[in-house]
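Visitor: The structure under discussion is supplied below as structure tokens; questions concerning it will follow.
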Amino acid sequence: MESQTGEPVVNILSGTSAEVVIDGVSEQITAADSPALQSRFVEAVRQVAAAAGRPVTATIVEGSSRYPLIVNPDGSIGDQPIAIPPRPARVPEPGPLTAAGALQRSSSSGPKPTVDDLLASRDQPAGDRGTIGWPGFVRRVTNGRVTLKPNKQERRKLERERAVKRRLDGSRTIVILNPKGGAHKTTSTLLLAETLGTLRGGSTLAWDNNETRGTLGWRARSTPHSNTAVDLLDNLDQFADLSRASLAQLDGYVRAQVDSRFDVLASDEDAAASSTIDAEAFDRLHAMLARYYRMIVIDTGNNMRASNWVAAVAAADQLVIVSTVREDTAASAAWLLDGLREKGFGAKIDEAVTVLASPSDKTDRRLRNRLDAHFAQVTAVVEHVPYDPALVDGGPVDFDALSPETRDAWLTVAATIAARL
């Protein structure tokens with residue numbers, strides 16, 4: 001650990017422990033949580049400031065980041081020029097005042113500033129500001145007067161969020177695949193759509209492209225109607241006239257997940273119905289939906305011989321192979337990949353993303369390593385998502401109940417996918 005004489009040094013060891021070094025003497029402190037730990041080492045520095053009768057500058061060391069901390073004898077956090085303010089815009093010299101006190105326009109014959117010049121004179125947006133860990137603590141206790149750059153953990157999160165938010169030049173279709181039931185497809189579709197919709201500000205659709213009945217509609221939040229893809233297909237003509245059709249008309253067919261900022265298009269839920277969605281129907285629906293949604297995440301059925309299943313793969317900009325860390329679901333996914341190569345989709349498989357989900361809180365590490373090794377060779381990327389008790393009951397997904405680890409893992413998956421679109 002870092003030590004020195006003179007000003008105090010605080011080495012952050014974890015969220016609940018730190019080492020405080022004062023005049024070469026080291027003391028380890030612990031606390032129940034991060035805010036309590038921060039209060040303890042601020043108090044340690046305050047005592048040094050009180051004894052000296054002046055503000056004391058300590059150095060906070062958190063991983064590879066170092067932050068100055070000024071603590072006054074009364075325990076308040078002092079101001080320091082940590083965040084460099086943007087350079088102020090150049091203001092033209094004022095002209096002379098008239099008798100009425102109004103500013104007189106310069107008589108210069110040069111070119112006059114335009115609206116572009118006015119907009120260019122605006123201050124540039126501030127850089128990233130830390131909101132968690134020590135940077136977040138300093139920002140809170142100083143009411144935002146002192147800002148620090150994000151720590152390594154938050155920088156990584158911001159980088160992934162930017163990848164998800166990246167600007168695209170048109171609609172993109174992501175297809176979730178595994179021909180075995182219980183492979184985490186529907187859950188993955190909802191969690192990916194929720195992550196994309198929340199960060200991108202909406203315009204995201206989760207679509208159950210099962211040729212008969214799927215469960216995506218059941219696991220989504222309920223809405224005032226029960227219409228499905230079959231109903232939309234029956235009324236597709238009302239969207240043919242582009243001058244009259246609108247996104248608002250889709251509200252009668254899709255199920256808005258308002259808080260999560262994405263929509264759901266359910267598959268047929270009528271047990272007595274005999275209608276199915278075939279390849280031609282899929283193509284018609286997809287062409288229309290791509291006009292209104294920037295991101296379309298498609299949940300597929302279990303029949304890889306169904307024509308609408310094959311049509312979805314053909315329309316995909318990105319394939320996502322999903323499996324739990326189990327022999328049977330992983331073998332099903334591997335068999336799927338072999339079959340898709342035989343069907344001529346080898347290039348898409350080479351660029352596919354594999355998502356492996358833990359089926360319990362105790363992962364079989366040996367099996368996980370075997371699956372990692374296999375799918376890393378046959379697809380482009382392998383990502384992992386943890387087991388989450390909030391997803392076990394099979395009911396509507398409560399996104400607010402998801403663990404921070406689950407949310408972080410799906411942010412990584414969404415960033416990996418978005419970066420490849």
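The values are calculated or read from the model by the stated rules, or taken from the named source; none is laboratory data. Treat the numbers as computed from the prediction; the structure is a model and nothing was measured. With ideal geometry, Cβ positions are generated from the backbone for all residues, glycine too; neighbour counts draw on all protein chains shown. SASA here: full protein model, heavy atoms, side chains in, ligands and nucleic acids out. Shrake-Rupley method; radii C 1.70, N 1.55, O 1.52, S 1.80 Å.
Visitor: Residues of the range 117-156 being modelled with pLDDT of 80 or more and surrounded by fewer than 17 Cβ atoms within 10 Å (Cβ to Cβ), which ones?
Guide: Leu118, Lys152, Gln153, Arg155, Arg156
Visitor: From the list Thr204, Thr186, Thr195, Thr215, which residue is within 18 Å of the chain's Cα centre (by Cα) and under 15 Å from Leu265 (Cβ atoms)?
Guide: Thr204
Visitor: Within the range 397-406, which residues are free of Cβ contacts under 8 Å to residues at least 12 places away in the same chain and within 13 Å of the chain's Cα centre (by Cα)?
Guide: Across the range 397-406, the qualifying residue is only Pro404.
Visitor: Quick test for you: out of Ala52, Ala31, Ala102, pick the one residue that is at pLDDT 70 or above and surrounded by fewer than 16 Cβ atoms within 10 Å (Cβ to Cβ).
Guide: Result of the check over Ala52, Ala31, Ala102: Ala52.
Visitor: With the structure loaded, tell me whether Val230 is more than 23 Å from the chain's Cα centre (by Cα) and among the β-branched types (Val, Ile, Thr) or whether it fails that test.
Guide: Judged against the criteria, Val230 is a match.
Visitor: When you scan the range 365-402, how many residues do you find that are modelled with pLDDT under 95 and either in contact with a His (Cβ under 6 Å, 6 or more places away or on another chain) or in a loop (DSSP other than H, G, I, E, B) (or both)?
Guide: Final tally of qualifying residues: 7.
Visitor: Does at least one position in the range 165-184 carry a residue that is at pLDDT 90 or above, buried (at least 16 other Cβ atoms within 10 Å of the Cβ) and assigned to a helix (DSSP H, G or I)?
Guide: No, there is no match, as no residue in the range 165-184 is at pLDDT 90 or above, buried (at least 16 other Cβ atoms within 10 Å of the Cβ) and assigned to a helix (DSSP H, G or I).
Visitor: Can you name the strands (runs of 3 or more DSSP E) wholly within the range 251-364 that have at least 2 residues being open to solvent by less than 30 Å² (accessible area, probe 1.4 Å) and among the hydrophobic types (A, V, I, L, M, F, W, C)?
Guide: Those strands (runs of 3 or more DSSP E) span 262-265, 295-300, 318-324, 353-357.
Visitor: Turning to a different aspect of this structure: Name the single residue that is farthest from Ala266 (Cα to Cα) among those in the range 224-241 being touching a residue at least 40 places away in the same chain (Cβ under 8 Å) and open to solvent by 30 Å² or more (accessible area, probe 1.4 Å).
Guide: So the residue we want is Leu233.
Visitor: If you go through the range 357-388, how many residues are of a type outside the set (Asp, Glu) and over 21 Å from the mean Cα position of the chain (by Cα)?
Guide: Final tally of qualifying residues: 18.
Visitor: So, one more: Here are Thr189, Thr195, Thr212: which of them is in contact (Cβ under 8 Å) with a residue 60 or more places away in the chain and either open to solvent by 40 Å² or more (accessible area, probe 1.4 Å) or in a strand (DSSP E or B) (or both)?
Guide: Of the residues listed, the single one that is in contact (Cβ under 8 Å) with a residue 60 or more places away in the chain and either open to solvent by 40 Å² or more (accessible area, probe 1.4 Å) or in a strand (DSSP E or B) (or both) is Thr212.
Visitor: Here's a follow-up. So which residues in the range 384-421 are of a type in the set (Gly, Ala, Ser) and more than 20 Å from Arg200 (Cα to Cα)?
Guide: Ala390, Gly394, Gly395, Ala401, Ser403, listed by residue number.
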